[in-house]
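The values are calculated or read from the model by the stated rules, or taken from the named source; none is laboratory data. All values reported here derive from a predicted model rather than from experimental measurement. Virtual Cβ from ideal backbone geometry, glycine too; neighbours counted across all protein chains shown. Please note that ligands, DNA and RNA were not included when accessible areas were found on the heavy atoms of the full protein model with its side chains. Shrake-Rupley method; radii C 1.70, N 1.55, O 1.52, S 1.80 Å.
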Amino acid sequence: MPGSVITVRRDQAETLLARIYLWEIVKGCVITARHFWRNLIGYMIGRRRTFVVNWPEEKVGYSPAFRGMPVLVQMENGAERCVACGLCEKACPTDCITIFPEEVGDGIQRRPKVFDIAIDRCMFCGLCEEACPEEAIVMSRRVEVASITKEGCLWHKEDLLTPASELPIRLGHIRNGYDRSPN
Amino acid sequence: MSGANFPQRRTDPVLPRLTERFGDAIVGTHSQHGDETAVVARDSLHDVMAFLRDDPDLSFDMPTDVTVVDHLPRTPRFEVAYHLTSTRDLRRIRVKVQLDASDARVASVKDLWPGMDWHEREAYDMYGVTFDGHGDLRRILLYPEFQGHPLRKDYPKTRRQPRLGIEDPG
Amino acid sequence: MAEPATAPALDFLEVELPEGFNDPIGEEFEIRPMVLPMGPSHPAMHGTVRIVLKLEGETVVDADVQVGYLHRGFEKECESGTWEQAIPYTDRLNYNSAIICNLGYCLAVEKLLGIEVPPRAQALRVLASELSRMGDHFTCVGAGGLELGAMSAFLYAVEAREMLWDLVEDLCGARVTNNYVRIGGLSQDLREGFADRLKTTFAKVDELYSDVDKLLTANRIFVDRLKNTGLLSKDRAIAWGQTGPVLRATGVPYDIRKAFPYSGYERYDFDVPVGSVGDNYDRFLIRMEELRQSIRIIEQVLKDLPGGPVNVDDPKVRWPAKTRVFTRMEELIDQFMLVTGGIRVPAGEGYVAVEGANGELGFYVVSDGSGHPVKMRCRSPSFANTSALREMIIGSMIADIIPTFDLLNMIGGECDR
């Protein structure tokens, strides 16, 4: 097995320069001043963004892999893609999904009559999306879900429905990046 | 910077030496998935643990973990599982003691390894197994007024405990 | 069952008030030793813990460390769900290095299942673990600087950590609650261009690392606070079950990645830093050195990253690939079976430890052959390390508690579970 045990050097602070400490003060000042000037000048000439994002006026850029709150995918004809099979309900570790199915169209098709997500319990783990066999529930890029009432934390089917055209990044990620390479 | 080497891992099994030394006190052994496990009679636990620590050939010097498994319908109900590690030989052993629900007590090994202190307190807190001779067996993760032992299988997950008010400190 | 005897360690809490206590400013006011509760929320401690101190002047005579403020019933919660459903909960153990917690749990279950993940998954697990470990060490040294008055070092360290977390987000979709490792594989493969993004980030992280290093490592004010505080001898550290930087600071080269290699760590060339004295300064230096070693490991992983799938080809363990679920009947049935019934793990028990950022993170799982764990135990390094805090601070000054507690890097979620 390569690699070895090395002993850390404790004498770094024992040198004369370090003991005098004046040099350390100068060094510290130079480092902090360098950060300051680089940020300031970079900001003024627009080359360097500040590290702080002024939320909510500015938004943070997320990676395409980002998981936000789960939403229901709406097809072009306005209906949900969900067939109320209940797998997401089963997979959810916190039991935050509630589904009551109903049958439509001569009893051939199923759809959720009720599809509620208690977003205050949801922990954005993405297991519902992984379990879904229909690409019907996906993790959107939406994270601002705070509410001041208990009722506001319960998202119903109408609130959750999102047209597929608004979810291109996530749907693309599920189909390409998220997809496990065929075994 | 020195180039000292790592200790070599010993691969010879521990269990034969233990059964040879203690005989009937070892109730059962197995090495499932490579984890050497000895089930020890309750009364000889402290002797076995002291032997594991002090024997120059074994020298299990590090207490890794203590926990309890609750096999509810089965008897004996509780199984206290100790994990020990030897930092010299890089070996592990699991020592288990089986306890009945009516008499869930076992000798404490805090005097052998001080590191067992909090683990035993946690096992008491979560399962109500008493460690005799521990001396400081308080609840550790839960508050003193908590009723029952939450990791027992007959403790419902959704049970709520009364909320305590803030006591008047004066 | 008999209740245990009352707590002798708390005896000193009942202080006998001397007669004539009415005038607290008067000369009669002499209560010795003084009892001072520190925490649970103290601005200079980065975990929720309460330390009841018994003081003689400013010297700590005795201490009672009380944890449990963040107890959320992790083990109970895991035992009530399926094996898969426990993975998101392991994220919540250590907020800094959630992937290491994911990995430890999944390795324990894989041990019971007797499966080994494909080489690409192993390499990616190592990569993700080391990214997490770097985030953890940056937080620890940065917060250590902050608590001892070095605000700039904290800002630079946290900036580096944020960049690393952005990489982790790119890897698995979330910065903190990663939920990345799965039983039998990974949730997703690398996205395209990850190596380039990692290279750009690492250039910045290197710069910030050297800034933190220059600001802290040889700084006398910082070093004098750390040297010879929180001392723990080699034998005592082992007997207390200390692991991670705390144990290695005493000179014991016990690193699970070397001692019990998992996930292919034996393939990578990295050194294990140890200390010689066992004080806080050694712990700090070890964390700084481990950051360098983590960078080394990550570079090696990316240099020869194996191809192939990231999941085991076993429909009884791993959920099938998404596109196949959409189009094929077999996989659809497998998906339904696995989600509703959970993985059937053969009866048995297993203990697996991984090297967490703070020490040995062990998972002991017991199965009875059903889809739910019978027992799911997390041996957390913070819990074991914090148990020795009492011994480390007895005899020292109050001010020494801060660096000692910081360099233990006690993470509340991991300690209290």
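Might you tell me the accessible area per residue for chain B, computed with a 1.4 Å probe and given in Å²?
46
Name the long-range amide H neighbours of B:Arg91: under 5 Å, sequence gap of 5 or more, or other chain; modelled H, no Pro or chain starts.
Amide H neighbours of B:Arg91, under 5 Å, 5+ apart: B:Ser86.
Under 17 Å from a label point 7 Å along Cα→Cβ of B:Asp43: give me every residue in the range B:122-138 with its amide N that close.
Within reach of a label on B:Asp43: B:132.
Roughly what angle does helix A:22-44 make with the longest principal axis of chain A, taking Cα atoms, 0 to 90 degrees, to the nearest 10?
So the inclination is approximately 40 degrees.
Mind checking which of C:Ala388, C:Gly144, C:Ala203 is farthest towards the positive end of chain C's charge dipole, using Cβ charges of +1 (Lys, Arg) and -1 (Asp, Glu) about the Cα centre?
Towards the positive end, the residue furthest out is C:Ala203.
Taking 0.36 nm per residue of sequence separation and subtracting the Cα-Cα distance, how much length would be gained by fully extending the chain between A:Ile148 and A:Val83, in nm to one decimal?
Length gained, A:Ile148 through A:Val83: 20.2 nm.
Where the only charges are on Cβ atoms (+1 Lys, Arg; -1 Asp, Glu), what is the dipole of the protein assembly as shown about its Cα centre, to the nearest 20 debye?
2220
Any chance you could check the range C:361-403 for residues losing 30 Å² or more of accessible area when the partner protein chains are in, compared with the chain on its own (1.4 Å probe)?
C:Tyr364, C:Val374, C:Lys375, C:Arg377, C:Arg379, C:Phe383, C:Ser387
When each pair of different Cα atoms in the range C:158-207 is counted once in the 1/r mean, what is the Kirkwood radius in angstroms, to one decimal?
Kirkwood hydrodynamic radius for the range C:158-207: 11.5 Å.
Would you mind checking the tilt of helix C:98-113 against the longest principal axis of the Cα atoms of chain C, expressed as 0 to 90 degrees and rounded to 10?
Approximately 60 degrees, to the nearest ten.
Over chain C, give the accessible area per residue in Å² for a 1.4 Å probe, as an integer.
33
Find the sum over both chains of the accessible area lost when C and B are paired, probe 1.4 Å, and report it in Å² to the nearest 100.
4600
As a test of the definition: with a 1.4 Å probe, what buried accessible area, both sides summed, do you compute for A against C, in Å² to the nearest 100?
Chain pair A/C: roughly 5800 Å² of buried accessible area.
Given the options C:Trp319, C:Leu155, C:Gly81, identify the residue whose Cα lies farthest towards the positive end of the charge dipole of chain C (+1 on Cβ of Lys, Arg; -1 on Cβ of Asp, Glu).
The listed residue farthest towards the positive side: C:Trp319.
If the convex hull of the alpha-carbon atoms of the range C:208-261 is projected onto planes in all directions, what is the mean projected area in square nanometres?
Over every viewing direction, the Cα hull of the range C:208-261 projects on average to 5.1 nm².
Principal axes first, then extents: for the Cα atoms of the protein assembly as shown, list largest minus smallest coordinate on each axis, whole Å, largest first.
So the three principal-axis extents are 88, 75, 64 Å.
Pop out a list of residues from the range C:248-280 that are at least 50 Å² less accessible with all the protein chains around than in their chain alone; 1.4 Å probe, no ligands or nucleic acids counted.
Buried-area filter returns C:Pro253, C:Tyr254, C:Lys258, C:Phe260, C:Asp271, C:Val274.
Which entries of B:Lys96/B:Lys153; B:Lys153/C:Lys316; C:Lys111/C:Lys316 show an alpha-carbon separation above 21 angstrom in the structure shown?
Checking Cα-Cα distances, B:Lys153/C:Lys316 exceed 21 Å.
Can you list residues whose amide H is under 5 Å from C:Arg182's amide H, if they're 5+ apart or on another chain and H is modeled 1.01 Å from N?
Long-range HN contacts for C:Arg182: C:Ser187.
Any idea what angle helix C:151-172 forms with the longest principal axis of chain C, computed on alpha-carbon atoms, 0 to 90 degrees, nearest 10?
20
Please arrange C:Phe326, C:Phe154, C:Phe383 by accessible surface area, largest first, computed with a 1.4 Å probe and ligands excluded.
Highest to lowest solvent-accessible surface, that is C:Phe326, C:Phe154, C:Phe383.
Calculate the dipole size of chain C relative to its Cα centre from +1 charges on Lys and Arg beta carbons and -1 charges on Asp and Glu beta carbons; express the result in debye to the nearest 20.
1580
Which lysines does A:Lys157 reach when only Cα atoms under 23 Å apart count, and residues fewer than 8 places away in its own chain are ignored?
Here the lysines satisfying the reach criterion relative to A:Lys157 are A:Lys90, A:Lys113.
State the percentage of accessible surface on the range A:70-177 attributable to carbon and sulfur atoms; use a 1.4 Å probe and exclude ligands, DNA and RNA.
Whole-percent figure for carbon plus sulfur exposure: 50.
Between C:Val176 and B:Phe51, how many nm apart are label points set 7 Å from Cα along the C-beta direction?
Each label point lies 7 Å from its Cα, and together they span 5.0 nm.
Using r as the Cβ-Cβ distance of A:Cys29 and A:Lys59, and R0 as 41 Å, what FRET efficiency do you calculate, to the nearest 0.05?
Between A:Cys29 and A:Lys59 the formula returns 0.70.
What full-extension length gain, to one decimal in nm, is calculated for C:Glu207 and C:Leu302 as 0.36 nm per residue of separation minus the Cα-Cα distance?
Result: 32.1 nm gained on full extension.
Considering only protein heavy atoms, with the full assembly of protein chains and a 1.4 angstrom probe, order B:Ser31, C:Ser396, C:Ser41 by accessible area, largest first.
Sorted by accessible area, descending: C:Ser41, B:Ser31, C:Ser396.
Taking just the alpha carbons, could you work out the radius of gyration and Dmax for the range A:1-61, both in angstroms?
In order Rg, Dmax, the Cα atoms of the range A:1-61 give 19.9, 53 Å.
For chain B, with the dipole built from +1 on Lys and Arg beta-carbon atoms and -1 on Asp and Glu ones, taken about the Cα centre, which of B:Gly115, B:Asn5, B:Tyr155 lies farthest toward the positive end?
B:Tyr155
Sequence-distant or interchain residues sharing an amide H contact under 5 Å with B:Val69, placed H: which?
Amide H neighbours of B:Val69: B:Glu79, B:Val80, B:Ala81.
Treating only the Cβ of Lys, Arg, Asp and Glu as charged (+1, +1, -1, -1), what charge dipole size does the range C:91-228 show about its Cα centre? Round to the nearest 20 debye.
My answer is approximately 300 debye.
Between the chain alone and the structure with every protein chain in place, find the residues of the range B:126-155 that drop at least 50 Å² of accessible area; heavy atoms, 1.4 Å probe.
So the qualifying set is B:Arg138, B:Leu141, B:Leu151, B:Lys153.
What lysines sit close enough to A:Lys27 to cross-link, taking a C-alpha to C-alpha distance under 27 Å and skipping anything fewer than 8 places away on the same chain?
Answer for A:Lys27, where 27 Å is the Cα cut-off: C:Lys204, C:Lys214, C:Lys227, listed by chain and number.
Taking the Cα-to-Cβ direction at C:Thr340 and at C:Asp368 and moving 7 Å from each Cα, how far apart do the two end points lie in nm?
Going by the 7 Å Cα→Cβ label model, 2.3 nm.
Taking N as the number of residues in the range A:1-134, what is its alpha-carbon radius of gyration divided by 2.2 N^0.38 Å?
The range A:1-134 yields a ratio of 2.00.
For a distance above 17 Å, tell me the whole-number percent of Cα pairs in the range C:289-417 that qualify.
75
Can you tell me the accessible area per residue over the range A:70-177, all protein chains present, probe 1.4 angstrom, in square angstrom?
Accessible area per residue, the range A:70-177: 49 Å².
Viscosity 0.890 mPa s, temperature 25 °C: Stokes-Einstein D of the range A:70-177 from its Kirkwood Cα radius, in µm² per second?
Answer from the Stokes-Einstein relation: 173 µm²/s.
Which shape class applies to chain B: rounded if a/c is under 1.5, otherwise prolate when a/b exceeds b/c and oblate if not, where a ≥ b ≥ c are the square roots of the Cα gyration tensor eigenvalues?
Prolate, since a/c reaches 1.5 and a/b exceeds b/c.
Could you work out, residue by residue across C:173-182, how many beta carbons of other chains sit within 10 Å of that residue's beta carbon, and then give the average as an integer?
Shielding by partners across C:173-182 averages 5.
How large is Rg/Rh for chain C, to two decimals, with Cα atoms and a Kirkwood Rh?
Ratio of gyration radius to Kirkwood radius for chain C: 1.03.
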